[in-house]
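Following: one structure in structure tokens, then a few remarks.
The values are calculated or read from the model by the stated rules, or taken from the named source; none is laboratory data. The structure displayed is predicted, hence computed values, not measured ones. In this analysis, Cβ positions are derived from the backbone assuming ideal geometry, glycine residues included, and neighbour counts consider all displayed protein chains.
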Amino acid sequence: MNDTAAPDRVVVVIGGTSGIGAAIAERFLDDGAFVAVAGLAADATPPQVAERAKLTELDVTHRESVEDFIASLSRLDVLVNAAGVIRRGAEFDPAVFAGVLDVNLFAVMRACVAARPLLARDRGCIVNLASMLSYFGGPLVPAYTASKGAVMQLTKSLAVAWAPDGVRVNAVAPGWIRTDLTAGIREDESAEERILGRTPMGRWGEPADVAGAVAFLAGPDAAFITGAILPVDGGYLAS
């Protein structure tokens, strides 16, 4: 594929090879966009995405690789930063802490800065993935929590800085979503009971729930929205 296959909209989903990112890529593909997906384990991307998107193996911690990937596009309308890692108890090790921030925070900045010229030319937008842990502390995940809190503030800062260029920057903050990352928690009956007991909507979120919110923020109905962080959590933060 090439990025002229769908001239109406070109979308990049970094971290779109699995989980929520793959669901976001699938949503944009279903909406008729040309989608370039980048991330690790590209050969394991779900077939509903792999068979339709342009796939690139990408280490988001390598600045030159990120810049080269963005430079390979002739236009860009939407950048989604969905790559992320979590190391739970190991994050108290300073080296592990730094590694998590490199993927979850610094890589977002790398991609945003690299994409800015194309986005400004086409008056495009960015949607980052924050988290409910952008709002409160996670006792087992200090690095993940710090990185996602920073992504929220980075989103606001870039929104203010780049608004004169016509570039909107927003984020979604997923709650408890049914992905491989939460499989262990879902298998723990007491943990699942606590989570669902606090979630007013009484269920786990699905990756498609997050994808729908991203599609909204990237679409024309959100043309006057920038610097917003949209929780997608079934009411968890409000309870």
Per the list (1) touching an Asp or Glu at 6+ places or on another chain (Cβ under 9 Å); (2) among the hydroxyl-bearing types (Ser, Thr, Tyr); (3) not in a helix (DSSP H, G or I), residue check on Tyr236 breaks on (1)
The condition of being assigned to a helix (DSSP H, G or I) and either touching a residue at least 24 places away in the same chain (Cβ under 8 Å) or touching a Gly at 6+ places or on another chain (Cβ under 9 Å) (or both) holds, among Val60, Val80, Val85, Val96, only for Val96
Worksheet item: Any residue at all in the range 113-130 that is under 13 Å from the mean Cα position of the chain (by Cα) and surrounded by fewer than 22 Cβ atoms within 10 Å (Cβ to Cβ)?
Response: no
When (1) touching a Gly at 6+ places or on another chain (Cβ under 6 Å); (2) surrounded by fewer than 17 Cβ atoms within 10 Å (Cβ to Cβ); (3) of a type in the set (A, V, I, L, M, F, W, C) are applied to Val37, the one that fails is (2)
When every residue in the range 198-218 that is more than 15 Å from the chain's Cα centre (by Cα) and assigned to a loop (DSSP other than H, G, I, E, B) is compared, the one farthest from Ala23 (Cα to Cα) is Pro200
Residues of the range 149-193 being assigned to a helix (DSSP H, G or I), out of contact with any helix residue (DSSP H, G or I) (no Cβ under 8 Å at 6 or more places or on another chain), at pLDDT below 95 and not hydroxyl-bearing (Ser, Thr, Tyr), in sequence order, are Ala183, Gly184, Glu189, Glu193
Expected single match for out of contact with any Cys (no Cβ under 7 Å at 6 or more places or on another chain), over 24 Å from Ala238 (Cβ atoms), part of a helix (DSSP H, G or I) and modelled with pLDDT of 95 or more among Ala146, Ala107 is Ala107
Note: among Asp221, Asp165, Asp180, Asp233, just one is loosely packed, with under 13 Cβ neighbours inside 10 Å, within 25 Å of Val11 (Cα to Cα) and either within 13 Å of the chain's Cα centre (by Cα) or in contact (Cβ under 8 Å) with a residue 40 or more places away in the chain (or both), namely Asp180
